[in-house]
1. Go ahead and run the numbers for FRET between VAL125 and ALA195, Cβ-Cβ distance against an R0 of 22 Å, rounding to 0.05.
2. Residue-wise, which Karplus ³J(HN,Hα) couplings in Hz belong to region 50-58, taking 6.51 cos²θ - 1.76 cosθ + 1.60, θ = phi - 60°, and x for glycine or proline?
3. Can you tell me the FRET efficiency between LEU12 and GLU162 if r is taken as the Cβ-Cβ distance and R0 is 35 Å, rounded to the nearest 0.05?
4. How much accessible surface does MET191 have with a 1.4 Å probe, in Å² rounded to 10?
5. What list of ³J(HN,Hα) couplings, whole Hz, do you get for region 113-130 from phi and the Karplus terms 6.51, -1.76, 1.60, once you set θ to phi - 60° and write x for glycine and proline?
6. Can you give me the long-range amide H partners of LYS190? Hydrogens built in the peptide plane at 1.01 Å from N, cutoff under 5 Å, separation of 5 or more residues or another chain.
7. Would you mind calculating the gained length between ARG28 and ASP181 on full extension (0.36 nm times residue separation, minus the Cα-Cα distance), in nm to one decimal?
8. Any idea of ASP185's accessible area? Nearest 10 Å², probe 1.4 Å.
Amino acid sequence: MKQALFVLAGVLILVVVVAAAGISTYNRLVTLDQAVDQQWAQVENVYQRRLDLVPNLVETVRGAANFERDTFIQVAEARSRAQSVTGGGAQAAIGAANAPEDPAAMSQFQAAQDQLSSALGRLIVVVERYPELSATQNFRDLQAQLEGTENRITVERMRYNEAAREFNTTRNRFPTTLIADMFGDRFAEKMYFRATAGADKPPAVQF
């Protein structure tokens, strides 16, 4: 009888230890998952700041110089595409929110933002033909804000990748991966921002 009680006590202790370890692991994954979500929100925030700056930049340039119409069209279209995957309605917002776990959504988000970077770069290059424009205070202020925003984007993307790496590393370690797999997509691996052709170059700002 005593032996059976000892065995039962041992089993109960083992169950408690395993349960405690499982709860601790789950809570750790939740903490890291929230850290990734928080950093993703920062990424969206700095990209939204750039979207908000673009109309002011374009109007300032348009009002001071007679540019090629195609340049404005390209910037407007690129901004529209970028906005459609960030804040352009509830469906777009949901898609952007799912980007850390959805390779297709992440690819779409990054491609749209890279196209806007490219279009802004072409706009700034065209501005170089108008030195009197680049000398105006309004344009200099907007350009400084845009340059600062591009720097913030680089920093926030780097921080997001670091948070995603920490989550993925923890998630894929044994035995944590057993707990993560039990919850399916709840703890899916996070996607990274990856460099694409020209994506590592912010719009030119030298005059």
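1. Values: r = 21 Å, r/R0 = 0.97.
The value I calculate is 0.55.
2. 5, 4, 5, 6, 4, x, 5, 4, 5
3. On the way: r = 41 Å, r/R0 = 1.18.
Calculated value: 0.25.
4. Near enough 50 Å² of accessible area.
5. So the Karplus estimates, Gly and Pro as x, are 5, 5, 5, 5, 4, 5, 5, 5, x, 5, 4, 5, 4, 5, 4, 4, 6, 10 Hz.
6. HN-HN under 5 Å from LYS190: ASN168.
7. Values: separation 153, 0.36 × 153 = 55.08 nm, distance 1.44 nm.
That works out to 53.6 nm of additional length.
8. 130 Å²
The values are calculated or read from the model by the stated rules, or taken from the named source; none is laboratory data. None of these values were measured; they are calculated from a predicted model. Virtual Cβ from ideal backbone geometry, glycine too; neighbours counted across all protein chains shown. These area figures cover heavy atoms from the full protein model, side chains too; ligands, DNA and RNA do not enter into them. Shrake-Rupley method; radii C 1.70, N 1.55, O 1.52, S 1.80 Å.
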